[in-house]
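Novice: The structure's right below; bear with me while I get my questions together.
The values are calculated or read from the model by the stated rules, or taken from the named source; none is laboratory data. Computed from a predicted structure; not experimentally measured. Here Cβ is always computed from backbone atoms with ideal geometry, including for glycine, and neighbour counts include all displayed protein chains.
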């Protein structure tokens, strides 16, 4: 497979065929993200993608899912995506699910009819990074979106019946906006109604603008205990039916469950850690 640079994929796509159709991220301005800083965004040429699909057809017959990388594959013009999905069905007929990262911008770029067509051709799951439901925080990290545009994008994905997975990022509001970050994030998630929510913890990177702010003392990251309280506040105020995955390697206390069924259990697990009855993940074992 032809991979340009480091490939990022959701944890739930660990067993998927990873097909890189774009290089980098079409936005690539978020102050906290260092994944694509060294990449100039581009759409890979059809010949390279076809070669990778031929490889997958020969060596990946046991893998039933395919994930389209890099950071925002849905930004590819519809006519090219449609052709790609048709080829995937022809060359990999055993694949049962196609997934990709999307931004609110790339979702806006597609009509409901176009999204419906991609669904008919195998698109099943869309991963969307909310990060925070607080507009002040979204502006400060240069997300390029607001809570309302995120909610509208989510509604569009749900309307066509696609599986929506949304991520949020603990710590993004610093100490000063920690509570507002948690409350607004839960409020927006309740309106987005994703089938799955992934909650990660901010780990500042030196190659990012936010990472430099941390080093200069201009960004005050909440303590592990404060981050747990942030997580607790988000979960406490969530009232949508969804799967929670707050078990990413960046988190101090991994928890996972189904809401509303497991809310009491999740809150109890967090309380146990806050009261010292459950060990937090050591700093050296946390990772992105």
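Novice: Determine which single condition residue 84 fails, assuming it passes every other condition in (1) modelled with pLDDT of 95 or more; (2) surrounded by 20 or more Cβ atoms within 10 Å (Cβ to Cβ); (3) not in a helix (DSSP H, G or I).
Specialist: (3)
Novice: Then there's this: Can you find a residue that is touching a helix residue (DSSP H, G or I) at 6+ places or on another chain (Cβ under 8 Å), touching a residue at least 40 places away in the same chain (Cβ under 8 Å) and more than 25 Å from residue 9 (Cα to Cα) anywhere in region 191-207?
Specialist: yes
Novice: Would you please name the residue that is nearest to residue 172 (Cα to Cα), looking only at residues in region 251-288 that are touching a helix residue (DSSP H, G or I) at 6+ places or on another chain (Cβ under 9 Å) and surrounded by fewer than 13 Cβ atoms within 10 Å (Cβ to Cβ)?
Specialist: The qualifying residue nearest to residue 172 (Cα to Cα) is 283.
Novice: Among the residues of region 130-138, are any within 20 Å of residue 22 (Cα to Cα) and either part of a loop (DSSP other than H, G, I, E, B) or in contact (Cβ under 8 Å) with a residue 12 or more places away in the chain (or both)?
Specialist: So far as region 130-138 goes, no, none of its residues is within 20 Å of residue 22 (Cα to Cα) and either part of a loop (DSSP other than H, G, I, E, B) or in contact (Cβ under 8 Å) with a residue 12 or more places away in the chain (or both).
Novice: Any residue at all in region 96-106 that is more than 16 Å from the chain's Cα centre (by Cα), part of a helix (DSSP H, G or I) and crowded, with 16+ Cβ neighbours inside 10 Å?
Specialist: no
Novice: Let me ask something else about it. For region 144-166, does any single residue satisfy the condition of being in contact with a helix residue (DSSP H, G or I) (Cβ under 8 Å, 6 or more places away or on another chain), within 14 Å of residue 74 (Cα to Cα) and part of a loop (DSSP other than H, G, I, E, B)?
Specialist: yes
Novice: Among (1) outside any helix (DSSP H, G or I); (2) without any contact (Cβ under 8 Å) to a residue 40 or more places away in the chain, there is one condition residue 114 misses while meeting the rest; what is its number?
Specialist: Unmet for residue 114, out of (1) outside any helix (DSSP H, G or I); (2) without any contact (Cβ under 8 Å) to a residue 40 or more places away in the chain: (1).
Novice: With (1) at pLDDT 95 or above; (2) outside any helix (DSSP H, G or I) as the list, and residue 236 as the residue in question, which single condition is left unmet?
Specialist: (2)
Novice: Looking at residue 207, is it more than 18 Å from the chain's Cα centre (by Cα), assigned to a loop (DSSP other than H, G, I, E, B) and farther than 22 Å from residue 253 by Cα?
Specialist: When the stated conditions are applied, residue 207 passes them.
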